[in-house]
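As structure tokens, the structure follows; a few thoughts come after it.
The values are calculated or read from the model by the stated rules, or taken from the named source; none is laboratory data. Quick caveat: nothing in here was measured; it's all calculated off a predicted structure. In this analysis, Cβ positions are derived from the backbone assuming ideal geometry, glycine residues included, and neighbour counts consider all displayed protein chains. The protein model used for the area step is the full one, side chains on, heavy atoms only, and it has no ligands, DNA or RNA in it. Shrake-Rupley method; radii C 1.70, N 1.55, O 1.52, S 1.80 Å.
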Amino acid sequence: MSSLKGIVSLLLLTFNTLFWGIPLIFLTLVKLITPGRRLRLGILKGLNAIALNWIGFNLWWMRHWLKPKLSLDVPETLSPQQWWLVISNHRSWTDIFVLQMALHRRIPMPRFFLKRQLIWVPIVGLAWWALEFPFMRRYSREQLERNPRLAERDRASTALMCERAQQIPVAIYNFVEGTRFTESKRAAQQSPYRHLLRPKAGGTAQVISLLGQRLSGILDVTLSYASPSPNFWDFLCGREKSISLEARQLTVPEWMVDGDYHQDSHFKERFQAWLNELWQHKDRRLDAIG
């Protein structure tokens with residue numbers, strides 16, 4: 001019975017994507033041939049509205065059809081008219097929808113850091129490209145050691161997103177571990193945390209430096225699943241156990257604004273210490289949640 005529920009969920013997700021995909025593709029084509037950033041910015045606002053409706057309908061049927069067991073703790077001071085950076089641990093594809101259940105229309109249209117391969121996902125990949133999500137190549141350490149200049153490509157993608165983000169309010173989401181948590185990955189990394197992988201500081205530091213005073217704050221999100229191995233299919237089947245989301249609103253420290261993570265070794269060390277302290281707090285919270 002639960003598998004049938006999962007199939008219906010996939011059909012609802014697919015139908016909703018196809019329905020909103022039609023106006024999205026049309027506006028994307030218009031954006032491609034529209035001259036001037038100012039005019040394209042107006043089209044981007046229309047694309048944002050389409051994406052928010054796509055998200056909204058998905059959340060509606062998920063709440064009423066799947067009825068997930070959620071515990072959400074979110075600050076009351078958020079606004080969709082401000083700029084936000086959201087950092088979170090990462091357990092499953094379900095994370096994205098849980099984040100949206102907590103933050104949809106409380107903060108602006110989200111922008112996620114995405115692996116470049118995802119641009120080829122039908123319709124959705126086109127949507128992410130048209131909405132100006134940053135696509136990252138995620139080189140291995142060995143590749144970067146052979147050619148350090150490869151890292152500049154991801155930095156350039158982040159810089160372009162932040163430059164465009166100056167023009168309309170956005171919420172930039174970053175799963176700073178870079179991949180979903182598993183015990184095998186934790187062991188391979190020799191992570192010092194019980195429930196987390198090592199956080200990657202570079203992208204977060206660059207966003208804060210480039211957006212500077214635009215940011216109204218940082219949302220430090222902790223996601224916890226009662227299931228030891230959560231997965232999106234179980235969520236679509238309504239089998240996922242209880243899920244907890246806690247969001248802390250942090251102010252952007254003055255010393256972070258205009259810092260250069262890649263050129264200033266003192267700033268880099270200080271930023272890594274700040275992020276590791278957040279991760280230590282998050283690990284303790286996950287211990288307490290159980």
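Do we find that LYS200 is open to solvent by 10 Å² or more (accessible area, probe 1.4 Å), within 23 Å of HIS104 (Cβ to Cβ) and charged (D, E, K, R) in this structure?
No: the conditions fail for LYS200.
Taking the condition surrounded by 13 or more Cβ atoms within 10 Å (Cβ to Cβ), among the β-branched types (Val, Ile, Thr), under 16 Å from the mean Cα position of the chain (by Cα) and part of a helix (DSSP H, G or I), does ILE96 pass?
Spelling it out, ILE96 is indeed surrounded by 13 or more Cβ atoms within 10 Å (Cβ to Cβ), among the β-branched types (Val, Ile, Thr), under 16 Å from the mean Cα position of the chain (by Cα) and part of a helix (DSSP H, G or I).
Does LEU215 fit the bill of being open to solvent by 70 Å² or more (accessible area, probe 1.4 Å), among the aliphatic types (A, V, I, L, M) and farther than 23 Å from PRO192 by Cβ?
no
Which one of these does SER88 not meet: (1) more than 24 Å from the chain's Cα centre (by Cα); (2) surrounded by 12 or more Cβ atoms within 10 Å (Cβ to Cβ); (3) among the small types (Gly, Ala, Ser)?
It fails just one condition, (1).
Just the residues that are surrounded by fewer than 19 Cβ atoms within 10 Å (Cβ to Cβ), closer than 19 Å to SER92 by Cβ and not polar (S, T, N, Q), please, taken from segment 151-186.
GLY178, ARG180, GLU183, LYS185, ARG186, listed by residue number.
Criterion first (in contact (Cβ under 8 Å) with a residue 60 or more places away in the chain and among the β-branched types (Val, Ile, Thr)) does ILE119 satisfy it?
Spelling it out, it is not the case that ILE119 is in contact (Cβ under 8 Å) with a residue 60 or more places away in the chain and among the β-branched types (Val, Ile, Thr).
For segment 233-255, check the following and say yes or no: at least one residue is basic (Lys, Arg), open to solvent by 10 Å² or more (accessible area, probe 1.4 Å), within 23 Å of ASP73 (Cβ to Cβ) and out of contact with any helix residue (DSSP H, G or I) (no Cβ under 8 Å at 6 or more places or on another chain).
Scanning segment 233-255 turns up at least one residue that is basic (Lys, Arg), open to solvent by 10 Å² or more (accessible area, probe 1.4 Å), within 23 Å of ASP73 (Cβ to Cβ) and out of contact with any helix residue (DSSP H, G or I) (no Cβ under 8 Å at 6 or more places or on another chain).
May I ask you to list the residues in segment 142-181 that are over 17 Å from the mean Cα position of the chain (by Cα), in a loop (DSSP other than H, G, I, E, B) and at pLDDT 75 or above?
Matches in segment 142-181: GLN166, GLN167, ILE168.
Name the pairs whose Cβ atoms lie under 8 Å apart, with the first residue in segment 49-72 and within 15 Å of ALA127 (Cβ to Cβ), the second open to solvent by 70 Å² or more (accessible area, probe 1.4 Å) and not in a helix (DSSP H, G or I), and 6 or more positions between them or separate chains?
Between residues of segment 49-72 that are within 15 Å of ALA127 (Cβ to Cβ) and residues that are open to solvent by 70 Å² or more (accessible area, probe 1.4 Å) and not in a helix (DSSP H, G or I), the close pairs are LEU52/ARG105; GLY56/ARG105.
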